[in-house]
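Each remark here refers to the structure printed beneath this line.
The values are calculated or read from the model by the stated rules, or taken from the named source; none is laboratory data. Since this is a predicted model, take the numbers as computed values, not measurements. Positions of Cβ are generated from backbone atoms using ideal geometry, with glycine treated the same way; all protein chains shown enter the neighbour counts. Side chains are part of the model used for accessible areas, which takes the heavy atoms of the whole protein and leaves out ligands, DNA and RNA. Shrake-Rupley method; radii C 1.70, N 1.55, O 1.52, S 1.80 Å.
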Amino acid sequence: MDKSWMHSDRRSKAYEFGVEAFLNFAVENLLTTTHIRCPCVKCVNLKLFGVGIIRDHVYFNGIDQSYKNWTFHGEPWEATTNASRNVEEDDGHSRYSFVSEEIDMDDNDFGDFGSDPYEFANVIGDGDQPVYPGCRKYTKLSALVKLYNLKAKHGMSDVCFTELLILQGDLLPEGNTIPTSMYEAKKTLCALGLSYEKMHACPNDCILYRKEYEDSTNCPTCGISRWKEGKDSILKEGVPAKVVWYFPPIPRFKRMFQSHETAKSLTWHAARKSIDGQMSHPADSPSWKLLDDKWPEFGNEPRNLRLALSSDGFNPHNSLSSRYSCWPVILVTYNLPPWLCMKRKFMMLTLLISGPKQPGNDIDVYLEPLIDDLKSLWVGIRGVYDAHNGEYFTLRAALMWTINDFPAYGNLSGCVVKGYKACPICGDDTPSHRLKNGHKICYIGHRKWLPINHPYRRQRAAFNGKPEYGIPPEPLTEEEVLHMVENGDRVCWKKKSIFFDLEYWKYLPVRHALDVMHIEKNVCDSIIGTMLEIPGKNKMGLLLD
């Protein structure tokens, strides 16, 4: 088809006839006049409009002249078939696998992908195009993803990245496919579906400025301004005082099913045969089986996702600012086999709560958008394409538990984790003792969990001078926990967790799990700090008791 009109003057007859021929071609191939991608310079095939609006855009803004292969408008492309099937490379890795490994933590402001299952495959098809004629090591897409990783890792500005692309293009042989600007690089990567939402928050962690508070300029709870205050005590209109970044998980779940290999791995748990009676995967856990038994319509579909959530604070400034605490919230997908579910590329960053102070018990405020998406996932997301089975289905998901260290456990669950009643199991009967010299609370009733005839139970001098004849308490049931929280028992509970807004949460036998390796690391730090007398980490005061 003649495309020379794309370079003609927009006032010429050749351009006019070319636009009409293009629109007719798109309508005939897409069989629609209301949902067509606009190829103008501003929309660059990211937005859907009707034929009339697209005609106006192409005349006023001009058509994107780099759009030479009209794959979004029905033109066939020789690499589409191979890309859509994720043909294996010589080294045994698919194009999509390489891309997913490279971009796993680089969520940026790219648009979401559409409902067409082959649209994403068209972008991955750039992996079949060498970065320059004769190159076998890198393709256009793999080279661009590696370069973009460098930009994100080292904080390059857009101008610096554009100059780097131009230099790369000059260094490589003639005929290379490296983009010449940040704009063109984003167009190539936009269909990967890596989007985020930037939400304003109250500096005192009262609310997020969303839904009914979207247009508010002051917090309705504490009255503080939404905007940042400068050094001269003048509010900077339009500059938020605090920001939280939300990375919606639903588009990324859809994208996982658009990979043939990943979609197959997401049903691994249903195809495996566990005959040894041991717990080798969360599919063997009581929580997994409860979801299957209590909601059989959910359990009968092996593609429905089982998730875990983890969060903790970290200091992005290392030692430059010891008081700064930034909190990421990460989702893990347990449908994958054990050797994949904890891989970095399958751990989804969903929230990034900025500092400088930690959210503490107010973390529920920041979890609101994620909980809303989890509610939608429990009801079901229609029209998700499964590349492995070649069909559309309704995707559902359930959050099984959270995984944290003990302080974060308290923030997410609402349970007291310090003081005299710090044990979530013992509650009011927690055996606690305050040290005279260390001025800290210690818990000395741990021997009751040993077998009844264990010799440690009878030892006195090695422990608190008394034998231990008690029996371990029974953990509270889900109904008992919910009753205590709802009836205002504030001895052991600080709040009702936002996770109880999920329909199934109160029925789960295990709602919060402890990260044992994290806790072990903290204990080892304390031991080493005491042995080496490191200031701030020395527990010698405890030993003097």
- Among 268, 256, 227 the positive-end extreme of the charge dipole of region 186-339 (Cβ point charges): 256
- Leading residue at positive end of dipole, the chain (Cβ point charges), from 430, 150, 394: 430
- Name the residue farthest towards the positive end of the dipole of the chain from the options 338, 449, 328, assuming +1 on Cβ of Lys and Arg, -1 on Cβ of Asp and Glu, about the Cα centre. 449
- Query: Considering the Cα trace of region 459-514, what is its radius of gyration and what is Dmax, both in angstroms?
  - Reply: 16.6, 50
- By its C-alpha gyration tensor, with a ≥ b ≥ c as the square roots of the eigenvalues, how is region 252-386 shaped: rounded for a/c under 1.5, else prolate for a/b larger than b/c, else oblate? prolate
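For region 417-536, what is the relative contact order in percent, using Cα pairs closer than 8 Å and at least 6 residues apart in sequence?
17 percent.
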- Query: If you put +1 on each Lys and Arg Cβ and -1 on each Asp and Glu Cβ, how big is the dipole of the chain around its Cα centre, in Debye rounded to 20?
  - Reply: 1860
- Task: Give me the percent of the accessible area of region 360-450 that comes from carbon and sulfur atoms, probe 1.4 Å, all protein chains in place.
- Result: 53
- With the Cα gyration tensor of region 173-306 giving a ≥ b ≥ c as the square roots of its eigenvalues, does the rule (a/c under 1.5 for rounded; else a/b larger than b/c for prolate; else oblate) give rounded, prolate or oblate? oblate
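In terms of the Cα gyration tensor, with a ≥ b ≥ c the square roots of its eigenvalues, is region 31-79 rounded because a/c is under 1.5, prolate because a/b exceeds b/c, or oblate? List each step's numbers first, then the result.
On the way: a/c = 2.34, a/b = 1.27, b/c = 1.84.
The shape class here is oblate.
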- Report the relative contact order of the chain, percent, no decimals, based on alpha-carbon pairs under 8 angstrom and at least 6 residues apart. 9
- In the set [x] 35.5; [y] 25.2; [z] 34.0, which value of mean projected area of the Cα convex hull in nm² was calculated from the structure you see? [z]
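Only Lys, Arg, Asp and Glu count, each charged at its Cβ (+1, +1, -1, -1), so figure out the dipole size of region 395-545 about its Cα centre, rounded to 20 debye.
Working: 21 positive and 17 negative charges, 127 e Å.
Using Cβ point charges on Lys, Arg, Asp and Glu, region 395-545 gives about 600 debye.
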- Leaving out ligands and nucleic acids, note down the accessible area per residue over region 6-72 with a 1.4 angstrom probe, in whole Å². 56
- Tell me, how many Å apart are the Cα centres for region 150-206 and for region 433-497? 53
- Note on the structure: Neighbours of residue 392 by Cβ distance under 9 Å: Lys/Arg at +1, Asp/Glu at -1, summed charge -1
- Net charge dipole size for region 423-464 [Lys, Arg +1 and Asp, Glu -1 on Cβ; Debye, nearest 20]: 260
